Amino acid sequence: MFGLNDMTRVPLDEYRTNLKTIIEKCRGVGARVVLCTPNSVITTDSRPVEKLEQYCDVVREVAAETNTALCDTYAAYQALREQDPLAWRLLMSDEIHPNHDGHKVIAEQIAKTITGRETSLAGVAPLRLAMPHTLAKLRAGESVKVLAMPPFDQSVGEELQQIARDASVDVVPWDVDGKTVPELEQDAKSQVRALKPDLVIIAVPRGAAAASREEFVRSFAWIMNWSLSFGRQEWDVLVVHPDVVEPAEGEHDDLVRQLVAAQDLTLIDRPQDSEADASTIFRDWLRHEWPALPEVNGAVEIPAQEWPRRPGPRTVRTLIHYPGGQLANVNVQTGLMLTLHNWGGTDCVGTADPKRLADELNVVAICVNYLQSGRQASIEDPEPYDFGYLQALDALRALHFVFGRLQQAERPFHAGRIYATGGSGGGNVSLMANKLAPSTFACIIDMCGMAKLTDDIAYDLPDGSPLNARWSRDPESPNYLATDVQEIRFIGNPSHLTVMDEHGSTSRIVIVHGVDDVMCLPDDKREMVANLQAAGLTVEPHWITPDDVDGTVFTTSGHSLGDRTAIVFQVAGKYLRPDSPDVIVRPGPTNFETQDVAVHYPTTNGEYVISYEQGYPIGEFRSRRNEPDSTASAQTDTLQP
């Protein structure tokens with residue numbers, strides 16, 4: 001997509017030649033090409049609409065001449081402009097640049113050109129958290145500078161100190177008294193980027209005037225634009241709806257909601273039927289600074305514990321699949337089910353299909369991009385592979401997010417029907433999630449997952465598994481594998497199984513493992529199963545031999561096993577289907593609900609403590625003595641909320 005910049009300085013003939021050259025070079029390396037016309041614009045001196053249309057015509061002509069697919073974005077924008085001028089205007093961040101909603105329209109058009117199918121992104125909300133930068137600085141004990149419009153300049157410091165009590169919060173008031181919306185736009189332009197704050201709170205008063213609706217739209221959008229850092233995100237921006245401060249019916253109330261959403265920013269709005277004051281609404285919002293559940297199948301980013309190897313804020317992409325694809329279909333019988341990808345995978349790769357799980361089992365199926373998802377992070381990067389500990393905490397955070405959001409929405413679901421499955425590394429993470437939340441799951445289906453962090457995997461030793469987790473035996477190495485770190489990652493650790501039993505673990509653990517698996521060695525899994533049985537926990541092993549290979553469900557007795565969706569239904573369908581006489585339902589509260597009960601796993605030099613005080617899990621290693629092993633453990637696995 002080229003044209004908006006070219007039209008200001010590149011002649012039409014040269015523009016035509018450049019497009020053809022780009023197509024030729026792309027095709028020369030085997031790439032397929034889609035040409036896109038740019039979005040339509042508001043006429044300015046440098047970019048009059050009539051001139052832009054000439055450049056769009058060139059794109060169409062070159063596409064026809066070179067037999068190149070064409071996505072006519074300009075035509076789509078113009079069709080909307082003619083049908084609903086205000087809706088078109090609200091796609092624009094300024095005279096020429098689309099905002100978040102505008103880019104969704106472009107994405108829809110490109111997807112239609114590529115696939116031939118209509119799609120809608122109307123329900124796709126911003127994925128990111130509202131305040132990652134600010135929260136990270138607070139939790140790291142760093143000072144925070146806030147630029148805030150009234151009345152939040154009076155309360156934000158105290159509210160942020162509730163997150164980190166010793167935090168230093170410097171609040172700079174943004175004077176709005178008697179100013180118009182265009183004047184506030186100029187304030188934003190002159191002061192925000194010069195101040196370089198950590199957080200900006202925009203609360204344009206109801207009384208701020210604008211000469212027309214167009215002036216209001218333009219200036220309000222530019223207040224937000226000038227409040228953002230230029231380029232990468234360097235600080236956070238929140239927008240507060242006027243109804244929060246001055247409850248009333250206002251002329252521009254709906255416009256504000258549309259503008260903020262279109263800008264991909266977070267709006268703090270007055271909850272329905274709420275009579276709370278502005279400070280209370282802000283405080284309640286701050287305590288729930290997590291995204292909302294999508295209304296239809298979709299993805300969200302949720303906050304995760306810090307990984308000490310790469311300090312700073314971290315989020316986890318979570319893909320949520322509802323029965324029938326819609327949140328509205330969740331009912332009193334709907335359970336929750338993690339379905340976790342393999343080592344090196346992302347999203348829902350290498351595990352049971354979440355859509356089938358959701359539709360056929362009446363569960364909300366959840367895929368999680370836990371720590372080190374993807375080939376780069378899990379295989380090619382220098383850090384050692386986590387091997388289930390923080391990865392399981394990530395998965396549990398995602399599970400708690402869905403659990404908690406359904407509760408907050410007062411939408412009934414079945415908290416006794418919580419399950420997990422995964423293939424290979426996802427099987428390992430499923431087993432570890434059950435270990436770290438022993439009072440939560442009704443059934444686990446592990447498909448060829450790792451049982452423990454063995455020496456051959458940890459140190460890439462010969463005559464064992466070819467998996468390489470990149471740990472080191474050298475205490476001076478940043479990748480040093482301390483005793484405690486290895487012990488917590490042994491799912492069949494006898495002392496830890498005793499702890500699970502003491503916490504009332506009743507989950508049925510279904511193990512599906514090929515006898516010829518050369519990646520995750522069967523002997524390690526047999527040891528784990530034997531230990532589970534000795535501890536009195538419920539385990540059901542399925543050892544897949546060549547005789548079990550049917551070419552449909554099981555295609556090999558090796559690591560891949562076969563159709564991992566069909567495997568789940570074959571070996572555990574009777575435990576998971578809500579209408580089955582053998583359905584497994586866990587009685588009693590989950591770990592998410594017994595917030596005063598932490599799980600303590602003893603290790604050689606201390607203990608791992610999994611706290612549920614916040615509802616979601618926070619893992620921490622507590623050392624008993626200052627020895628190399630314990631120090632390394634603390635550095636590796638002691639994590640902040």
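Quick note: the coordinates plus some simple rules give every number you see, no bench work behind them. Bear in mind the structure is a predicted one, so any value in this text is a computation, not a measurement. Note: ideal-geometry Cβ built from the backbone for every residue, glycine included; neighbour counts use all protein chains shown.
Principal axis lengths of the chain from Cα atoms, whole Å, largest first?
79, 63, 55
Which cross-chain or sequence-distant (5 or more) residues have an amide H under 5 Å from the amide H of Ile509, H modelled 1.01 Å from N in plane?
Ile444, Thr538, Val539, Glu540
Tell me the mean residue ellipticity at 222 nm calculated for the chain from its helices only (DSSP H runs of n ≥ 4, each -39500 (n - 2.57), averaged over every residue, nearest 500).
Helix contribution divided over all residues of the chain: -11000 deg cm²/dmol.
Would you grab the residues whose amide H sits under 5 Å from the one on Gly298? Only those 5+ places off in sequence or on another chain, please, with H modelled 1.01 Å from N.
Here Ile320 satisfy the definition.
Explain nothing, just compute: Karplus ³J(HN,Hα) = 6.51 cos²θ - 1.76 cosθ + 1.60, θ = phi - 60°, for every residue of segment 497-502 in order, whole Hz, x for Gly and Pro.
Couplings: 5, 4, 4, 4, 5, 5 Hz.
Are there cysteines in the chain with no other Cys C-beta under 4.7 Å, and if so, which?
Cys26, Cys56, Cys443, Cys448, Cys520
At most 16 other Cβ atoms within 10 Å and a DSSP loop assignment: could you name the GluC sites (Glu not before Pro) in segment 286-352 that fit? Walk me through the numbers before you get to the answer.
Numbers: sites: Glu289, Glu295, Glu301, Glu306; in loops: Glu289, Glu295, Glu306.
The qualifying sites are Glu289, Glu295.
Could you rank the peptides 45-53, 192-200 by their average count of other C-beta atoms within 10 Å per residue, with the highest value first? Could you put the intermediate results ahead of the total?
Details: 45-53: 13.2, 192-200: 19.4.
Those peptides, ordered most packed to least, come out 192-200, 45-53.
Round to the nearest 10 and give me the degree value, 0 to 90, for the angle of helix 73-83's Cα axis relative to the longest principal axis of the chain.
Once rounded, the angle reads 60 degrees.
May I ask you to sort Thr454, Thr43 by Cβ crowding, counting other Cβ atoms within 10 Å and putting the fewest first? Present the calculation step by step, with values, prior to reporting the outcome.
Values: Thr454 21, Thr43 14.
Fewest-to-most Cβ neighbours within 10 Å comes out as Thr43, Thr454.
In whole Hz, with x marking every Gly and Pro, tabulate ³J(HN,Hα) for segment 268-280 from phi via Karplus 6.51 cos²θ - 1.76 cosθ + 1.60, θ = phi - 60°.
8, 10, 6, x, 4, 6, 7, 10, 5, 7, 4, 5, 5
Rounded to the nearest 0.05, what FRET efficiency do Val518 and His600 give with R0 = 56 Å and r taken as the Cβ-Cβ distance? Could you check?
Working: r = 36 Å, r/R0 = 0.65.
With a Förster radius of 56 Å, E is 0.95.
Measuring from label point to label point, each 7 Å out along Cα→Cβ, what is the Glu251 to Glu118 span in nm?
With each label placed 7 Å out from Cα toward Cβ, I get 3.6 nm.
Can you list the trypsin sites (Lys or Arg not before Pro) in segment 430-488 that are in a DSSP coil and have 14 or fewer other beta carbons within 10 angstrom?
Taking segment 430-488 and a limit of 14 other Cβ atoms within 10 Å, the loop trypsin sites (Lys or Arg not before Pro) found are Arg473.
Restricting to DSSP loop positions (anything but H, G, I, E, B) with no more than 16 other Cβ atoms inside 10 Å of their own Cβ, which GluC sites (Glu not before Pro) remain in segment 421-522? Spell out each step's value before the answer.
Numbers: sites: Glu476, Glu487, Glu502; in loops: Glu476.
Qualifying residues, ordered by number: Glu476.
Quick check on packing: order 84-92, 21-29, 380-388 by the mean number of other C-beta atoms within 10 Å, highest mean leading. Let's see the in-between values first.
On the way: 84-92: 15.9, 21-29: 11.7, 380-388: 20.0.
Per-residue mean Cβ counts within 10 Å order the peptides as 380-388, 84-92, 21-29.
So for the pair Ala534, Glu613, with labels modelled 7 Å out along Cα→Cβ, what separation do we get in nm?
3.5 nm
Report the paramagnetic label zone for Asn468: residues of segment 433-453 whose backbone N is under 11 Å from a point 7 Å from Cα along the Cα-to-Cβ axis.
none
With point charges of +1 on the Cβ of Lys and Arg and -1 on the Cβ of Asp and Glu, referenced to the Cα centre of segment 1-118, which listed residue (Ala107, Ala75, Val29) lies farthest in the positive direction of the dipole?
Most positive-ward Cα: Val29.
Can you give me the angle between helix 522-534 and the longest principal axis of the chain, using Cα atoms only, in degrees from 0 to 90, rounded to the nearest 10?
Once rounded, one gets 70 degrees.
So for the pair Lys196, Leu4, with labels modelled 7 Å out along Cα→Cβ, what separation do we get in nm?
The modelled label-to-label distance comes out at 2.8 nm.
Between segment 66-92 and segment 204-271, what is the C-alpha centre distance in whole Å?
25 Å
For segment 539-546, what does the Karplus curve 6.51 cos²θ - 1.76 cosθ + 1.60, with θ = phi - 60°, yield as ³J(HN,Hα) per residue in whole Hz, taken in order and with x for Gly and Pro?
Ordered by residue, 3J(HN,Hα) equals 10, 10, x, 10, 8, 8, 9, x Hz.
What are the residues whose amide H is under 5 Å from the amide H of Thr603, where those residues sit 5 or more places off or on another chain and H is modelled from the backbone?
Hits under the 5 Å cutoff: Tyr608.
By how many degrees, between 0 and 90 and to the nearest 10, does the Cα long axis of helix 564-576 differ from the longest principal axis of the chain?
Between the helix axis and the principal axis of the chain, the angle is about 70 degrees.
Along the positive direction of the dipole of segment 428-519 (beta-carbon charges: Lys, Arg +1; Asp, Glu -1; about the Cα centre), which of Val512, Ala442, Trp471 reaches farthest?
Among Val512, Ala442, Trp471, the one farthest towards the positive end of the dipole of segment 428-519 is Ala442.
So which aspartates and glutamates can Lys452 reach, going by Cα to Cα under 17 Å and dropping same-chain residues fewer than 8 places off?
The reachable aspartates and glutamates, counting only those whose Cα sits under 17 Å from Lys452, are Asp386, Asp460, Asp463, Asp484, Glu487, Asp517, Asp523, Asp524, Glu527, Asp637.
Considering only Gly350, Trp88, Ile584, whose Cα is most displaced toward the positive end of the charge dipole of the chain, charges sitting on Cβ of Lys, Arg (+1) and Asp, Glu (-1)?
Gly350
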